[in-house]
Amino acid sequence: MLKIGIVGLGSISEHHIKPYLTNSDVEVVALCDLNEVRLREKGKLYGINHLYTSYEEMLKESQVEAISICTWNNSHAEIAIKALEADKHVLVEKPLCKTVEEALRVEEAVKKSGKVLQVGFVRRFGENTTILQKFLDGGDLGEIYYAKASCIRRLGNPGGWFSDRERSGGGPLIDLGVHMIDICWYLMGKPKPVAISGHTYHKLGNRSHIENLSFYQAADYDPTHNTVEDLATALIRFENGASLYVDVSFTLHAKKDEIFVKLFGDKGGAEFEPELQIITEKYNTILNATPQIDHLSFAFEKAFHNEINHFVDCCKHNKKPISSVEDGVTVMKMLCGVYESAQKGKEIRL
């Protein structure tokens, strides 16, 4: 029975706690949050008595063997390193941290500890990902040489820590773009990134004046505070000649919210979002094939269950997770490369 502690009890923690509770090989034994009221409420809700406002104190609990980090981005690296030093396995929500320097320190701590660290790239665990991966592994699409992804919110800056660059590390790029970049890179076979051209825009703010259209707001939403970008775009070039284009926004004068992920190979292509579809050709005819599966789109809850179960299995059997710390470091290099390119106004080499 793997004994789990949860650090940070914001909304994303629910998608960790609930899958843990349904896993017969797990016992959630401790919760930690700075907000004492929320801490007590969650403890009562889930029947967990070991409650902490200090993660350092929680790490001293000998019965805690592994933790999920569901805190602000600026605390990910610090908590992960201290947990690894305390001989705990770690599942850390995306992004791994805020900077490449932090990411490298986490990677070094993983190597020294010999413990499992899994990064929360949850889209890797979707059923649509698993199915598409079989087509890719089978060579049905050939060489994937181009991908593009978009996650556009016309009105969707959550505010709170999401709009505070100090705590988040950035805006839609580090919150939404991390998923878009990672899943494309992962499905492309994880080629080495070598050059990035990025742009960020700060034009609209959080648009708190907009009426008659609701959107998710963080618990600490403050309409007067916003220090992150509205929109980010990037072109990433890889060592093997492949390229990836991505754009993401918290707010944009767009007709509607939109998400898509597309891969293009020399034998076929695939649309991954909003629904899985395989594009190929046979007998000189182009075919658009729709898999007959339960979930053509990304099944959020199921993917989190798959992610949590994979983490538990890796901890119990000392296996390397498919979303490893090394992958977390590379994704951070790409994210930070976009911000650096935007700030310098030129392409940067990695």
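The values are calculated or read from the model by the stated rules, or taken from the named source; none is laboratory data. Treat the numbers as computed from the prediction; the structure is a model and nothing was measured. Every residue, glycine as well, gets a Cβ built from its backbone with ideal geometry; the counts of neighbours run over all protein chains shown. To get the accessible areas, we keep the full protein, side chains included, count just its heavy atoms, and leave off ligands, DNA and RNA. Shrake-Rupley method; radii C 1.70, N 1.55, O 1.52, S 1.80 Å.
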Using beta carbons and a limit of 6 Å, which pairs, at least six apart or on different chains, have the first residue in the stretch 235-255 and without any contact (Cβ under 8 Å) to a residue 40 or more places away in the chain and aromatic (F, W, Y) and the second one open to solvent by 10 Å² or more (accessible area, probe 1.4 Å) and in a strand (DSSP E or B)?
none
Across the stretch 276-311, what is the number of residues that are in contact (Cβ under 8 Å) with a residue 24 or more places away in the chain and either closer than 17 Å to G139 by Cα or not in a helix (DSSP H, G or I) (or both)?
11
Among the residues of the stretch 27-37, are any in contact (Cβ under 8 Å) with a residue 60 or more places away in the chain and open to solvent by 20 Å² or more (accessible area, probe 1.4 Å)?
no
Turns out the strands (runs of 3 or more DSSP E) fully within the stretch 50-131 with at least 2 residues that are open to solvent by less than 40 Å² (accessible area, probe 1.4 Å) and in contact (Cβ under 8 Å) with a residue 24 or more places away in the chain are 66-69, 89-93, 117-120
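Can you confirm whether K316 is open to solvent by 30 Å² or more (accessible area, probe 1.4 Å), on the phi < 0 side of the Ramachandran plot, part of a helix (DSSP H, G or I) and at pLDDT 95 or above?
Values: open to solvent by 30 Å² or more (accessible area, probe 1.4 Å): yes; on the phi < 0 side of the Ramachandran plot: yes; part of a helix (DSSP H, G or I): yes; at pLDDT 95 or above: yes.
Taking the combined requirement at face value, the residue satisfies it.
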Looking only at residues that are open to solvent by 10 Å² or more (accessible area, probe 1.4 Å) and β-branched (V, I, T) in the stretch 10-26, which one is nearest to the chain's Cα centre (by Cα)?
I12
State all residues of the stretch 195-220 that are open to solvent by 70 Å² or more (accessible area, probe 1.4 Å), over 14 Å from T233 (Cα atoms) and under 21 Å from the mean Cα position of the chain (by Cα); if no residue qualifies, say none.
Y216, Q217, A219
Of the residues that make up the stretch 154-167, is at least one among the polar types (S, T, N, Q) and under 18 Å from V338 (Cβ atoms)?
no
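Would you be able to say whether some residue in the stretch 162-172 is open to solvent by 40 Å² or more (accessible area, probe 1.4 Å) and assigned to a loop (DSSP other than H, G, I, E, B)? Talk me through it step by step, then tell me what you get.
First, the residues of the stretch 162-172 that are open to solvent by 40 Å² or more (accessible area, probe 1.4 Å): 165-167.
With the extra rule that they be assigned to a loop (DSSP other than H, G, I, E, B), the set shrinks to none.
No, because not a single residue in the stretch 162-172 is open to solvent by 40 Å² or more (accessible area, probe 1.4 Å) and assigned to a loop (DSSP other than H, G, I, E, B).
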